[in-house]
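Working notes, structure below.
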Amino acid sequence: KLHSRTVHQLDVVTCVCTTALAGTRVLPTTRPASAPVHTTVVTGSADCTVAVWSMDTGATASSALDFFSLPWSTSKKKKVLQLERMLHAHDDAVLCVAADADLDVVLSGSRDATVALHTLSKGKYVRSLQHPAPITAIALAPSGVFAALSGATSMLYVYSLNGQLVGKARTVLEEVRCVVMSRDGSFCVTAGTASSLVVRSTLSPMLPIVHYFQMGGHEVDVCSAAFTLDDHFIAVGLSNGAIRFLPFRPYSW
């Protein structure tokens, strides 16, 4: 059931991410029944803009089912998706976004080969980082380190939020489709059409490979990946429709 529809970006919405303050990112079993759910949604568009939205369900998470179904619930509780601000820092389509409410940052990667940084709370422009080719994926760690992937050149860049280059490396996969980072920012994982995940250490400027996960069979591509909140597993979406959970134990490799 569609509760509301709001249009502010003038072209295809190419990417979306969500974030919330640490105090509201708790499991349903530990959240007080009276606690409202407040989320910030960030969308990137082919019209070169980034939009920051606030979503307040106006409801409470009284159960695990309620918590996970709030934005799409069929109940008559009030749902609000309100545009907070538009961010303008790109000259071509925005291809990827990442945000963190605790770090007060929004990152956006574009076909114009830049990564733009804004503050999340005020939308203040901070800086842009120029690259040789379009930025197709971004991953942000809560520790304040982020990775930017340029698919056309197969280059992976890791930065601190002050714009300092931590390291860079050429990816070894045929086509990298996603990049994720561990919460402490010490490890970066890339995945794609080579039926494997590559784990790199960000503690060295060369971003050395420390582990491979093989999915088995070259006919299976990795389409998406995400760390669990505790960093103990990586959830992997495969081209054959399967989802696998891989144990992440970097200090035992």
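The values are calculated or read from the model by the stated rules, or taken from the named source; none is laboratory data. All figures in this text were calculated on a predicted structure; none of them were measured in a lab. Heads up, the Cβs are rebuilt from the backbone with ideal geometry, glycines too, and the neighbour counts pull from every protein chain shown. With ligands, DNA and RNA removed, areas are computed over all heavy atoms of the protein, side chains included. Shrake-Rupley method; radii C 1.70, N 1.55, O 1.52, S 1.80 Å.
Quick notes on this structure:
- Among the residues of region 150-170, those that are in contact with a Lys or Arg (Cβ under 9 Å, 6 or more places away or on another chain) and surrounded by 15 or more Cβ atoms within 10 Å (Cβ to Cβ) comprise 151, 154, 155, 156, 157, 158, 167, 169.
- Any hit, region 61-71, residues being at pLDDT 90 or above, open to solvent by less than 40 Å² (accessible area, probe 1.4 Å) and in contact with a strand residue (DSSP E or B) (Cβ under 9 Å, 6 or more places away or on another chain): no
- Conditions (1) touching a helix residue (DSSP H, G or I) at 6+ places or on another chain (Cβ under 9 Å); (2) open to solvent by 50 Å² or more (accessible area, probe 1.4 Å); number of the one not met by residue 182: (2)
- Filter pass, residue 203 being surrounded by 17 or more Cβ atoms within 10 Å (Cβ to Cβ) and free of Cβ contacts under 8 Å to residues at least 24 places away in the same chain: no
- Region 76-94: number of residues that are within 15 Å of the chain's Cα centre (by Cα) and surrounded by fewer than 22 Cβ atoms within 10 Å (Cβ to Cβ): 0
- A single entry from 5, 111 fulfils the requirement of being surrounded by fewer than 20 Cβ atoms within 10 Å (Cβ to Cβ) and either at pLDDT below 90 or over 18 Å from the mean Cα position of the chain (by Cα) (or both): 5.
- Test: residue 117 is part of a loop (DSSP other than H, G, I, E, B) and surrounded by 15 or more Cβ atoms within 10 Å (Cβ to Cβ): no
- Within region 226-253, residues that are closer than 18 Å to residue 193 by Cβ have Cβ atoms under 6 Å from residues that are of a type in the set (Phe, Trp, Tyr) in these pairs: 234/227; 234/248; 246/213, counting only partners at least 6 apart in sequence or on another chain.
- Top-ranked residue of region 28-48 - restricted to ones that are in contact with a Phe, Trp or Tyr (Cβ under 8 Å, 6 or more places away or on another chain) and not basic (Lys, Arg), ranked as modelled with the lowest pLDDT: 28
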